[in-house]
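Worksheet: the structure to be examined is printed underneath.
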Amino acid sequence: MWGLSMNLCLPYASVYMLALGMNDVQVGIVASVYMLMQVVFAFLGGPITDKLGRRLSTAIFDFTAWSLPCVIWCFAQNFWAFIIAALLNGTMKITQNSWDCLLVEDAEREQIPDIYSLVISAGQLSALFAPISAILVSRYSLVFAVRILYANAFIIMTAKLIILYICSRETRTGMVRMAETKGKSLFSQVPGYAGVLRLMLKSKGTLFAILISALVSIVGMINTSFWQIIVNKRIGVPDSFLPLFPMFRSIISMIFLFTLIPWLTHKGLKHPLRYGFASYFIGQLLLILTPLQGDFRYPVLLVSCVFDAFGSGALAMMAESLVALHVDEAERARVLSILMMIIMLVSTPFGWIAGLLSETARWLPFALNLILLATGWTAGTLFYRK
């Protein structure tokens with residue numbers, strides 16, 4: 001349901017901002033504000049998740065982070081509307097924390113990579129409905145069509161959080177943490193973060209998970225914010241074609257997540273991590289090298305999407321799995337909270353940096369991605385060098 005709502009909007013999010021009069025730098029600033037708010041709410045995510053429980057935290061902050069911003073995006077007229085929406089959208093780090101705990105705390109360790117593969121695949125299923133976006137944009141103006149998509153996202157996201165709350169149950173660890181924090185204020189739990197941080201710094205696996213998650217987060221944020229812009233404004237793909245490429249990429253990613261990626265994962269984490277970074281690198285390089293004229297640009301973009309599909313799918317699953325496998329189970333909520341805060345703090349400047357780069361030349365944000373992906377490949381090789 002998340003995919004059937006937000007994933008229909010994402011192919012147009014950046015060009016929608018440009019159509020309302022914003023420039024590339026302002027798009028980057030919105031992305032950085034969103035990341036900055038994630039830093040704040042990642043810090044609070046652990047105490048809130050422990051105090052309210054995994055189920056209730058997910059329900060409350062799904063509404064704050066997605067339903068309310070969808071209303072603002074639907075009626076947005078200028079840069080400041082997107083800033084307000086970004087401030088609210090940043091609370092998604094609370095629900096990401098609570099959702100991750102709800103998802104895996106009662107699962108066996110060996111099930112975790114497969115669970116994340118299924119979740120990511122479910123989100124990719126929305127790609128089958130991407131033609132709806134294309135039809136709306138071709139029939140109406142881009143701005144009006146995207147407003148309809150955001151209205152749809154509000155309805156489906158709100159229904160999703162209600163269904164999830166009704167059909168789920170609190171985890172065993174969640175019930176223990178709720179009992180331990182009963183009657184305590186949120187900020188009374190903050191001093192405990194020092195001990196949790198020391199615990200994290202002693203674990204090479206946790207530090208490695210932070211690095212990989214940060215790199216994947218930055219590359220994903222740059223792609224989410226600027227992929228539509230380079231494809232539409234530099235390569236010249238028409239508005240109505242924009243969702244077709246993410247649809248193709250999602251379908252290919254889903255195929256990989258059910259076939260090649262699980263096969264690689266069961267042989268260990270080293271190979272899917274290295275191959276993921278390498279594949280993503282090739283996909284981004286092809287995007288930069290895509291011809292600006294002629295029909296040959298479309299096959300090149302499709303090939304780029306194939307490499308992106310494997311790379312992004314493998315790395316998304318690996319980043320989630322590495323975090324889940326290396327955190328202390330008794331302190332999962334607070335460890336995830338600190339981990340997400342660090343990742344978002346590192347990622348925050350890159351939205352603004354990518355905006356400046358895109359203003360100079362629209363291929364430059366993806367050149368930055370190449371450097372980040374090469375760094376990830378090197379880190380993975382060194383960590384698993386045994």
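Read the figures in this text as sums done on the coordinates, not as results from a lab. Just so we're clear, the structure is a prediction, and the values are computed from it rather than from any experiment. Counting neighbours? That spans all protein chains shown, and the Cβs are built from the backbone with ideal geometry, glycine included.
At-a-glance table
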quantity	calculated
Vicinal HN-Hα couplings computed from phi for the range 374-383 (Karplus, 6.51 cos²θ - 1.76 cosθ + 1.60; Hz; Gly/Pro x)	5, 5, x, 4, 5, 4, x, 5, 5, 5
Mean separation of Cα contacts under 8 Å (6+ apart) over length of the chain, as relative contact order %	30
Degrees separating the helix 130-139 axis from the principal Cα axis of the chain, which is the longest one	40
R0 of 30 Å, Cβ-Cβ distance Arg172-Leu118: FRET efficiency to nearest 0.05	0.90
Least to most buried among Thr181, Thr259 (fewest other Cβ within 10 Å first)	Thr259, Thr181
Fewest-first ranking of Lys93, Lys184, using other Cβ atoms within 10 Å as the exposure measure	Lys184, Lys93
Residues Glu359 and Leu20, FRET efficiency given R0 of 22 Å [Cβ-Cβ distance, rounded to 0.05]	0.80
Per-residue [θ]222 nm for the chain (sum of -39500 (n - 2.57) over DSSP H runs n ≥ 4, rounded to 500)	-25500 deg cm²/dmol
Lysine pairs meeting the criterion (Cα under 24 Å, 8 or more apart or interchain), as found in the chain	15
Value of Rg to Rh for the range 266-317 (Rh from inverse mean 1/r over Cα pairs, i.e. Kirkwood)	1.11
Prolate/oblate/rounded label for the range 1-92 (Cα gyration tensor, a/c 1.5)	prolate
Cα gyration tensor, the range 235-290 - rounded (a/c under 1.5), prolate or oblate	oblate
39 Å tail of the calculated P(r), the chain, as % of Cα pairs	12
Exposure proxy order (Cβ contacts within 10 Å, fewest to most) of Tyr140, Tyr16	Tyr140, Tyr16
Acute angle (nearest 10 degrees) that the helix 24-52 long axis makes with the longest principal axis of the chain, alpha-carbon atoms	20
Label-point gap, in nm, between Glu108 and Gln293 - each point 7 angstrom along Cα→Cβ	6.1
Degrees separating the helix 244-258 axis from the principal Cα axis of the chain, which is the longest one	40
